[in-house]
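To keep things clear, I will list the structure first and then write my remarks on it.
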Amino acid sequence: MTTLTMAKALTAGLRRAMERDPKVILFGEDIGRLGGVFRVTDGLQKDFGEHRVMDSPLAESGIVGAAVGLAMRGYRPVVEIQFDGFVYPAFDQIVSQVAKMHRRTEGLVRMPIVIRIPYGGGIGAVEHHSESPEAYFTHTAGLRVISPSDPNAAFLTIQQAIASDDPVVYFEPKRRYWDKGEVDLTVDATDRHQVPGPWRARLARTGSDVTVVCYGPMVRTCLEAAEASVDVSLEVIDLQSLSPLDMDTIVQSVERTGRLVVVHEASANGGLGAEVAARVMERCFYSLEAPVLRVTGFDVPYPPSRLEEHFLPDLDRVLDAVDRAMAY
């Protein structure tokens, strides 16, 4: 096992995928010589050349549009959207072309595109740099959506996303880029006998009283809440795959605990937590001992950095929801 930050684990995963398949190419704003704003692609242009790691113009729609053409020609493009709030100029390309091309051509054209998006708050950034737009893409049929929560998951899932013949929107929790963890660099991420597919949820912590479902940047927060909870045993599930959802893992947990709290940074209205809550109510109605509760960002635009600590779910808000669930 090797100790890496999430950013360096992603670098290692990208490197492994590029070594495995010469059709894997990377491009985006400042990802080449600079190595990206968060240095995730640092050193890759030097090692693989400018023909495989390319700096693009500042044009998100053009970046994704070029990826569509390259995918149609048999390449596996991995594109970086520099910040979450910059993805909207490319939204039409993603939902109208990337998500639909495979079905529109009745399977003749595949779209093995990975769209990397650093997302979420907590780094004191300026406007348009701290958003959580994942629900837009989980709502879009034809897209797979992943968000890793730790370095080992990042190392494995970025390779699995690149190997997928389906388009993947890959959300990287930017405030976890510098979190360190153990990574097994010897594992072949594409070998299903060694590693389960990335579309399965991960049981991050076992517990008996309340199931806490979370993903991306909130997994660490929920694990900290579980550690701090003295009288209530929390079972923490890391979704990892936001679309498709691994409901079987969630249902099995809720049937044991009888209570569910869903946590994410994005606003509550129309968020992924609402989808999880609805599906659990359909499948676990007679097992639930309390209403499904959500801990989320508020239904307001992301605030200035000095106020973001009031917007983001924290340990206290998670534990408050747990207390309310236990009160029923």
Residue list for segment 128-155, restricted to those being in contact with a helix residue (DSSP H, G or I) (Cβ under 6 Å, 6 or more places away or on another chain) and closer than 21 Å to Arg205 by Cβ: Ile146, Pro148, Ser149, Pro151, Ala154, Phe155
Ser132 being outside any helix (DSSP H, G or I) and surrounded by fewer than 21 Cβ atoms within 10 Å (Cβ to Cβ): no
Residues located in segment 39-69, provided they are in a helix (DSSP H, G or I) and either β-branched (Val, Ile, Thr) or within 24 Å of the chain's Cα centre (by Cα) (or both): Leu44, Glu60, Ser61, Gly62, Ile63, Val64, Gly65, Ala66, Ala67, Val68
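Any chance segment 12-22 includes a residue that's part of a loop (DSSP other than H, G, I, E, B) and either open to solvent by 30 Å² or more (accessible area, probe 1.4 Å) or of a type in the set (Gly, Ala, Ser) (or both)?
Scanning segment 12-22 turns up at least one residue that is part of a loop (DSSP other than H, G, I, E, B) and either open to solvent by 30 Å² or more (accessible area, probe 1.4 Å) or of a type in the set (Gly, Ala, Ser) (or both).
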Residue pairs meeting the criteria (Cβ under 6 Å; at least 6 apart or on separate chains; first over 11 Å from Arg205 (Cα atoms), in segment 217-246; second surrounded by fewer than 19 Cβ atoms within 10 Å (Cβ to Cβ) and of a type in the set (Lys, Arg)): Asp246/Arg200
Selection count, segment 69-120, where residues are of a type in the set (Lys, Arg), open to solvent by 60 Å² or more (accessible area, probe 1.4 Å) and either within 19 Å of Ser243 (Cα to Cα) or in contact with a strand residue (DSSP E or B) (Cβ under 9 Å, 6 or more places away or on another chain) (or both): 3
Scan of segment 308-328 for residues that are aliphatic (A, V, I, L, M) and either open to solvent by 90 Å² or more (accessible area, probe 1.4 Å) or touching a helix residue (DSSP H, G or I) at 6+ places or on another chain (Cβ under 7 Å) (or both), ordered by number: Leu315, Val318, Leu319
Selection from segment 285-307 of residues that are open to solvent by less than 50 Å² (accessible area, probe 1.4 Å), without any contact (Cβ under 8 Å) to a residue 60 or more places away in the chain and not β-branched (Val, Ile, Thr): Ser287, Leu288, Ala290, Leu293, Pro303
Failed criterion for Met218 (all others in (1) touching a Lys or Arg at 6+ places or on another chain (Cβ under 9 Å); (2) open to solvent by less than 50 Å² (accessible area, probe 1.4 Å); (3) within 30 Å of Ala327 (Cβ to Cβ) hold): (1)
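The values are calculated or read from the model by the stated rules, or taken from the named source; none is laboratory data. Just so you know, these numbers come straight off a predicted model, no measurement behind them. In this analysis, Cβ positions are derived from the backbone assuming ideal geometry, glycine residues included, and neighbour counts consider all displayed protein chains. All accessible areas refer to the heavy atoms of the entire protein, side chains included, with ligands and DNA or RNA removed. Shrake-Rupley method; radii C 1.70, N 1.55, O 1.52, S 1.80 Å.
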